[in-house]
1. What shape does the stretch 2-72 take by its C-alpha gyration tensor, where a ≥ b ≥ c are the square roots of the eigenvalues and a/c under 1.5 counts as rounded, a/b above b/c as prolate, and the rest as oblate?
2. What length, rounded to one decimal in nm, is gained on full extension from residue 69 through to residue 31, with 0.36 nm per residue of separation minus their alpha-carbon distance?
């Protein structure tokens with residue numbers, strides 16, 4: 001799939017034909033959909049396998065902590081610049 005997209009990109013770069021661009025756009029969109037589907041499938045599998053048992057080293061709680069840490073790392077920053085001020 002990636003090789004087809006690269007080949008279509010090269011062809012469009014050389015010709016700048018609208019049909020080649022359409023083919024490139026279709027391949028890029030199809031590739032994006034497949035990557036998104038693969039990502040969703042792997043995330044679903046990962047989430048299904050999480051448990052809160054001592055045998056699995058509490059993987060559910062570790063995953064939850066990792067997600068909450070990511071949310072806390074990006075605090076809201078207020079823009080304090082006033083109109084007309086240069087920085």
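1. Prolate shape, in that a/c is at least 1.5 and a/b is the bigger ratio.
2. Between residue 69 and residue 31, full extension yields 10.6 nm more.
Each value in this text was obtained by applying a stated rule to the coordinates, not by laboratory testing. All figures in this text were calculated on a predicted structure; none of them were measured in a lab.
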